[in-house]
Amino acid sequence: MSIGAPDPKSFQGMMDTFAIVAPAAAVEIVLPAFTFGPSCTQIARIVYMNQCNPGQLMMVGAYWFQLAEKYITAGKGLDEEVSAMDSEAWEGDDCDAFHEQSGKVSTQLFTIAAFAIEVGVGLFTIAALLAVMVTAYAALATCLMAMAVVYWPLQAVPFTAPAAAAVRTAAMSIAAMGLGVLQSLDSALKVTGNSIAAAIGGGMTVSWTVLASQGNVVNPLEMVGPTAFNMIQGLAQLGLRNAAAPSGGRHVAGGLGHLFVGGQGAYNAGLNANDIAGDGDVNGAEDPRAKYGLDPGNLDFIPAIDPPEWADDDAPDWGGR
């Protein structure tokens, strides 16, 4: 039995494309936001809040599917080996104990596989919606940018001012319609994302319970430190992101948020271009992420912390058995 896990590398082209498309849209929307007003201002916020790489999410989802496939293969292999044993050659209490324990291990393997499939499906689902979102706002930003570039030269010359006004009217109409589409997608993403997060949280609880019932008990205290650190880092970065976001209302509100959107887009486009050129290798001489784990353009000012020694230990710990 195989779940037909996709090859993660098959999403490399999609990942490379969105690595440029999403930040480019953030750069393109700045001029329209200053030029055409309310709807473009709100579009700029949506572009900023949905900066992501759907291709990378799908690649990660594919790795989860591959993980599930490995656990399914291991579980089937164990069941086949146990079934092939000669029941007449080995019997007694030790044989019964072996069968009981092998059954527990098999249950654990299939439980982990089921959870991995759940995570993979969740990542693919949200990635598909985000791919639509990024494609839509990138196309809209490019269109509005082109109209803004046309508008300003026409506006600067008195006898072409009526043409400039027509361009402005058309741009504001396009922006209003496009904003409606993006807002619908944004609402769908929030609902879907919350549902997936809840499902994964429930799946994790169920899988831990099943594993514990089969003798694989995880000490939650071992997870407190890393989990708390990740939560603090994520919440801090979320707070900075929201503080730097452009106004979501009908006014530009000083425009600093829009300038940050464009600056961050240019910053990420440069980093992503370097990553693509280097096949994903991060050059410490050109990128602060490599040496310090910092990503200032994306408001990550918490340095990387070296993992404990056990995190990189490839030797399994069988508890003395």
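The values are calculated or read from the model by the stated rules, or taken from the named source; none is laboratory data. Quantities reported herein were computed from a predicted structural model and do not represent experimental measurements. Note that each Cβ is placed from the backbone with ideal geometry, even for glycine, and that neighbours are counted across all protein chains shown. Ligands, DNA and RNA are excluded from the accessible area calculation, which covers all protein heavy atoms including side chains. Shrake-Rupley method; radii C 1.70, N 1.55, O 1.52, S 1.80 Å.
I112 meets all of the listed conditions (1) under 30 Å from Q183 (Cβ atoms); (2) among the aliphatic types (A, V, I, L, M); (3) touching a residue at least 60 places away in the same chain (Cβ under 8 Å) but one, namely (1). One residue stands out among those in region 83-110 that are loosely packed, with under 15 Cβ neighbours inside 10 Å and polar (S, T, N, Q): the one that is farthest from S207 (Cα to Cα), which is S87. For region 202-226, the set of residues classified as within 23 Å of I117 (Cβ to Cβ), in a helix (DSSP H, G or I) and not hydrophobic (A, V, I, L, M, F, W, C) consists of G202, G203, T205, S207, T209, S213, listed by residue number.
The condition (being of a type in the set (G, A, S), open to solvent by less than 60 Å² (accessible area, probe 1.4 Å) and touching a residue at least 60 places away in the same chain (Cβ under 8 Å)) is satisfied by just one residue among A74, A25: A25.
In this structure, does V60 turn out to be of a type outside the set (S, T, Y), in a helix (DSSP H, G or I) and under 29 Å from V27 (Cα atoms)? Considered against the rule, which asks whether it is of a type outside the set (S, T, Y), in a helix (DSSP H, G or I) and under 29 Å from V27 (Cα atoms), V60 comes out as yes.
When V157 is tested against (1) more than 18 Å from Q214 (Cβ to Cβ); (2) in contact (Cβ under 8 Å) with a residue 40 or more places away in the chain, just one condition goes unmet, and that condition is (2). Taking the criterion of being closer than 23 Å to M147 by Cβ and more than 27 Å from the chain's Cα centre (by Cα), the residues of region 176-214 that qualify are A176, M177.
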